[in-house]
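Asks: Okay, here's the structure, questions in a sec.
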Amino acid sequence: MSATYPDLETYRRALFAPEDEVLAKVMPEAVAEGLPKISVNAEAGQALNFLARAVGAKKILEFGALAGYSGIWLARALPPGGKLVSLEVNPKHAEVTRANFKRAGVADRAEVRLGQALELLESAKADAPFDMAFIDADKENYPKYLDFALAHVRVGGIVCADNANGHGHAHEVLPADDPRRGLQVYNERVTSDPRLVSVCLPFGGWLAVSLKVRE
């Protein structure tokens, strides 16, 4: 072994979820600019990259760009000619993401579209069918994003959502107006829909990963 590690967690992350210099700087610099520290972690990013490669993804739809961290992992999984469409409602976040896509060398295949995701979906139909959809936006609308993904991700494709643990509260009875109820509905649907086979990966806020097996 060429290096020593203080514990198994550090060992696992260093070997199985390595960040290059660009990725390592994305969130610290974004937080310094006032963006919230809510991105997926490196392990989730590596998992997204792995899943996209595993299904041979050429077209990916992302709900929520933030600073582009997850988008970089996804875009780097695309083959030549591939395309990532990332939907982002916040102009500042979109600006930061575009700059990070350029810095990471994926601006040629990663596009940020600014606006409310639900309002952008009509135009996104022109890019369908998608091979993968990644949902990491406003939690109350997760079920609606799932509706779109089920209709526009191909059979054999992946639908993935972050924060499946409901920020640590998915197992609780939540107030009617709590946006995290959307996460609970999402989890219940992807684990009961006969069109999907689903698994939960306990990285960060948990990734709910669903394989679309039929129409």
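Asks: With +1 on the Cβ of every Lys and Arg and -1 on the Cβ of every Asp and Glu, and nothing else charged, how large is the dipole of the chain about its Cα centre, in debye rounded to the nearest 20? Working shown, then result.
Replies: On the way: 25 positive and 28 negative charges, 132 e Å.
In total the dipole reaches around 640 debye.
Asks: Using Cα springs under 10 Å in a Gaussian network model of the chain, which residue among Lys92, Lys139, Lys59 shows the largest mean-square fluctuation?
Replies: Comparing Lys92, Lys139, Lys59 in the GNM, the peak value goes to Lys92.
Asks: Oh, and also: Could you list, in their original order, any pairs among Lys25/Lys92; Lys37/Lys92; Lys25/Lys139; Lys58/Lys102 whose Cα atoms are separated by more than 21 Å?
Replies: Violating the 21 Å limit, Cα to Cα: Lys25/Lys139.
Asks: Please say if region 4-105 is rounded, prolate or oblate, where rounded means a/c under 1.5 for a ≥ b ≥ c the square roots of the C-alpha gyration tensor eigenvalues, and otherwise the choice is prolate for a/b larger than b/c and oblate otherwise?
Replies: Oblate shape, in that a/c is at least 1.5 and b/c is the bigger or equal ratio.
Asks: Please turn the phi angles of region 130-145 into ³J(HN,Hα) values with the Karplus equation 6.51 cos²θ - 1.76 cosθ + 1.60 (θ = phi - 60°), one per residue in order, whole Hz, x for glycine and proline.
Replies: So the Karplus estimates, Gly and Pro as x, are 8, 8, 7, 10, 10, 10, 8, 10, 4, 5, 5, 9, 3, x, 5, 5 Hz.
Asks: Sticking with this structure for a sec: Which of Ala128, Ala32, Ala94 moves the most in a Gaussian network model of the chain with Cα springs under 10 Å?
Replies: Checking each option, the largest mean-square fluctuation is seen for Ala32.
Asks: Quick one: go through region 77-103 and flag any residue whose amide nitrogen is under 19 Å from the point 7 Å out along the Cα-to-Cβ line of Glu119.
Replies: Once the point is set 7 Å along Cα→Cβ of Glu119, 86-95 turn out to lie under 19 Å by backbone N, inside region 77-103.
Asks: Write out the GluC sites (Glu not before Pro) in region 1-109 meeting two conditions: DSSP loop, and at most 15 other Cβ atoms within 10 Å of their Cβ.
Replies: In loop regions of region 1-109 (DSSP not H, G, I, E or B), the sparsely surrounded GluC sites (Glu not before Pro) are Glu33.
Asks: So which lysines pass the test for Lys144, namely a Cα distance under 16 Å, with those fewer than 8 places away in the same chain ruled out?
Replies: Partners found: Lys125.
Asks: When Trp206, Trp73 are ordered from fewest to most other Cβ atoms inside 10 Å of their Cβ, what list results?
Replies: Trp206, Trp73
Asks: Considering only the chain, what is the antiparallel percent among its DSSP beta bridges, to the nearest 5?
Replies: About 35 percent, rounded to the nearest 5.
Asks: Ranked by Cβ crowding within 10 angstrom, fewest neighbours first, how are Leu118, Leu8, Leu196 ordered?
Replies: Arranged by neighbour count, lowest to highest, Leu118, Leu8, Leu196 become Leu8, Leu118, Leu196.
Asks: P(r) of region 8-212 in 10 Å steps, Cα pairs, percent per bin?
Replies: 9, 37, 39, 14, 1
Asks: Sticking with this one: Test of understanding: what is the full-extension gain from Glu95 to Arg12, defined as 0.36 nm times their sequence separation minus their Cα-Cα distance?
Replies: Difference between extended and current length: 26.6 nm.
Asks: Please arrange Ser198, Ser123, Ser210, Ser192 by how many other C-beta atoms lie within 10 Å of their C-beta, fewest to most.
Replies: Ordered by Cβ neighbours within 10 Å, fewest first: Ser192, Ser123, Ser198, Ser210.
Throughout, read-outs are computed from the coordinates displayed, never taken from laboratory work. This structure is a prediction, so every number in the text was calculated from the model and none was measured. Neighbour counts run over all protein chains shown; Cβ positions are idealised from the backbone, glycine included.
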